[in-house]
Structure formats: structure tokens, C-alpha cells
Amino acid sequence: MYTRFGDNDIVNRQAQELVTSTWSNNLNNLSQSYTASTHTLNFAQATSSGNFYVEVLNKVASDTTAETQYFVSYGHRLGSGSPDFTHDTGSFGLSPSRVIYNQYRQLHFNDDTKNFTFGTHTPDDIFVINIARGRYKQRLTLGSLSLHISGAANGTTTQTSIKLTDDSVTNPAGAGTSNLGTYYNIVSGANGVVLGGTTATTQVGGTGSYGHFYPEAGLIILNGDFGKVGTDVYPTRGQALSNNTNQNHNKLYKHISSSARFIVDTTEEINSEFYFCRTRNDQFNYTNNESFIDANKNIRFESMQLNPKVFITTVGLYNDAFELVAIAKLSQPVAKDFTKEALIRVKLDY
């Protein structure tokens, strides 16, 4: 038996935002992280994946439940900071770092002639933190970023930490738009607010921000010169365009890991529809269960013929072609007979 919903039986609710942590198991702060297998960190050859990115996990790689959280890459517009693919004349500077820079330049500008500019400063290089796609829903949550980059790594214990956030609260309109959507400045501060006494675009050398935050793409692109001002928070990058194996992205990861502070939330819009399934006293009092009817579709027990008693356990929603499109299980069976009516509310989130 099918019953069509009436005009007042379906209620739509305005979309609501659900904010959760980006990291596995809804962990708020990714205070402990691990790099992936030695395959990912293989720097032996210029084409090895380790020269392109470092994959970061929430558990040791040998743990079968470990999940990828984010990736760290380094890009240089001239190819510095990583070994050349070949050492032939005319190919110097053709390296993983140049590939990375060009890749994200295309994503941002869709133009391989433009360079990343932070404030009014155009550095030669960038660092990229790419949140794993499976970790965030529709977008990263504005104002939730809290990323500390510690100086206490690789023997540089005297260097200070940088505490970064996006400036979405200070500047809700964003720093600009790109092919990746609206982006915001990465700044020294907290909870989306720029550090007092400073402005977003004059924090690095007086001319630039620490980077850009792309909530819709799950990306953080850092100004490659942020560590050259004041206390250098990571070892010196490469200066030559060839035979350069500084592994800058791996070094940056170590400084992030040492800080034990990486918080960023994810936002998902949830649309809800409520279906009010009404069962009148004369409806849904029989069942095709074999314990109720025999092979000839007759009620097995005479006492149930005029006074059947059944239990509702499941509600199915069908389209006009009588195809099951959704199913809801009740928390406990609902008794039904000719003396009872039931109103079951089904909530469908999508």
C-alpha cells in the first residue's frame, strides 16, 4: 500500500552550516603528525615524489588506520630549491620546484606568465599546504585557522615561532578572487583577526602578507620570503638553479610538526526536509510477512483476521515511478491496529 504525501506533509528547512574539525576523528588540533612511507620521502632522483611533496599522516605509516591529512610542497618560479630533471645545457632550472610553482600559478591565475604577489611583494618562491580533499567538506571555515610555525627544529631552538591565521574577520570581503574562489591573507594573529598594531599586507618586510588562504580549495599558499625577515624560521633555501637538494618543503613540515599547533575547521551546508508520514487507523494494519500470511496470502491465525496486530519498523520513500529512493529505520517498533494511528516524522539531510 502506498500513500501520497499531501501539500502540508513535506516541510523544507533553510540550509544550516555544520562546522567540524578537518582532521580525522574530528580531532581539533593536529598536534602529532607523521610523514608517509619512504617512497613518498624518496629524494634520490629528481623525479622522485619526495621532491614534489611531503604527505602528512595522523598516525605512523605502518599503522593500517593511518589517514592522509595534508601535503606540503615547495615551488620556485625559476626552479631553485630542488634538483634539475637533467643537467643538459638549456635545461637548468627545470625541476620539481618549478613544476609546483607553475601548477599552482595555473590554478590561481590560469596564466603561466603571472607570479604570486602578497601585498605588493612578489617573491620568487612559495610554500603550499594542500589539505587532503577527503578531509574537508564544502570549504574550510573562515577564521578557524591557527597554524604555528616553530623555529625549534633542525637545531634552531633559539628562533621564535610564527602564529598564523587568515584575516577573514578583519577583512571579510577577502584579499581577492581567483580561479580557486575568494582568497584571504595569511597573517600573524588569531581567530581571523590581524595582530594588533599591524596590517595584513605589511607584516613581511613591510610590503606583504604571510600568504593566501583558499577556503574553497583547501589550500594555504605561503609567501616564500616570510622566513627571510627577522628570525629565519627554517634553514636557508637554495641559491643555485641546478643540483639543488635543499628539500625545503620537508624542512617546513618539520617546523610545523615541532609547533604542535595546526587547527582548521571545515564547513558543510546541510539541507533538511521533513516528511510527515501519517498512518490512519484503517491503514497499514496488514503485512506480507510469512509469519502473518501463508503461501495463499491468507492470514494464518483466525484471531487476527478481524483484529490484526502488526508493528511498523521501517518507512520507505518512493518516487512517482514507485522506486525506493530513501529508507528510514525506526528506533523501536510502533504497534499498529484498527484502534491506533501513528504520525512518523522522517528527516532527510543532504
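Would you tell me the accessible area of Thr207, worked out with a 1.4 angstrom probe on the heavy atoms of the protein chains, in Å² to the nearest 10?
50
Which aspartates and glutamates have a Cα less than 14 Å from the Cα of Lys137, not counting those fewer than 8 places away in the same chain?
The reachable aspartates and glutamates, counting only those whose Cα sits under 14 Å from Lys137, are Glu17, Glu216, Asp265, Glu268, Glu269.
Aspartates and glutamates within cross-link reach of Lys309: Cα-Cα under 17 Å, excluding same-chain residues under 8 positions apart?
Output for Lys309: Asp282, Glu290, Asp294, Asp337, Glu341.
Filter the trypsin sites (Lys or Arg not before Pro) in the range 1-106 to those in DSSP coil with at most 15 other Cβ atoms within 10 Å of their Cβ, and list the result. Can you show the working numbers first?
Numbers: sites: Arg4, Arg13, Lys59, Arg77, Arg98, Arg105; in loops: Arg4, Lys59, Arg77.
Hits after loop and neighbour filter: Arg4, Lys59.
With a Förster radius of 45 Å, plug the Cβ-Cβ distance of Gln16 and Leu78 into 1/(1 + (r/R0)^6) and report the FRET value to the nearest 0.05.
Taking R0 as 45 Å, the efficiency between Gln16 and Leu78 is 0.40.
Got a number for the accessible area of Thr165? Probe 1.4 Å, square angstrom, nearest 10.
Only protein atoms counted, so the area is about 0 Å².
Could you list log10 I(q)/I(0) for the range 309-350 at q = 0.18, 0.22, 0.31 Å⁻¹, which the Debye formula gives when each Cα is one point scatterer?
-0.62, -0.83, -1.10
Among the listed pairs Lys114/Lys254; Lys114/Lys163; Lys163/Lys251, which are separated by more than 25 Å between their Cα atoms?
With Cα atoms farther than 25 Å apart: Lys114/Lys254; Lys114/Lys163.
Based on the Cβ-Cβ distance from Met1 to Thr113, what FRET efficiency comes out when R0 is 56 Å, to the nearest 0.05?
Numbers: r = 67 Å, r/R0 = 1.20.
The pair Met1/Thr113 has a calculated efficiency of 0.25.
If you consider only alpha-carbon coordinates, what radius of gyration and Dmax does the chain have, in Å?
Reported Rg and Dmax, both Å: 29.0, 96.
If I compute solvent accessible area with a 1.4 Å probe over the protein chains, what percent of it on the chain is carbon and sulfur?
Working: 8750 of 18190 Å².
It is 48 percent, rounded to a whole number.
Can you work out the accessible area per residue across the chain, with the rest of the protein chains kept in place, probe 1.4 Å, in square angstrom?
Counting only protein heavy atoms, the per-residue value for the chain is 52 Å².
On C-alpha positions alone, give me the angle between the axis of helix 248-259 and the longest principal axis of the chain, in degrees, nearest 10.
It works out to around 60 degrees.
Averaged over every viewing direction, what's the projected area of the C-alpha convex hull for the range 54-121? Give it in nm², one decimal, please.
7.0
Calculate the translational D of the range 1-149 in whole µm² s⁻¹ from Stokes-Einstein, where the hydrodynamic radius comes from the Kirkwood formula applied to all Cα pairs, the temperature is 20 °C and the viscosity 1.002 mPa s.
Estimated via Stokes-Einstein, D reaches 114 µm²/s.
The values are calculated or read from the model by the stated rules, or taken from the named source; none is laboratory data. Nothing here was measured: the structure is a model prediction, and the numbers come from that model. Ideal geometry is used to build each Cβ from the backbone, glycine not excepted, and the neighbour counts take in all protein chains shown. Each accessible area value is taken on the protein alone, full model and side chains, heavy atoms only, with ligands, DNA and RNA left out. Shrake-Rupley method; radii C 1.70, N 1.55, O 1.52, S 1.80 Å.
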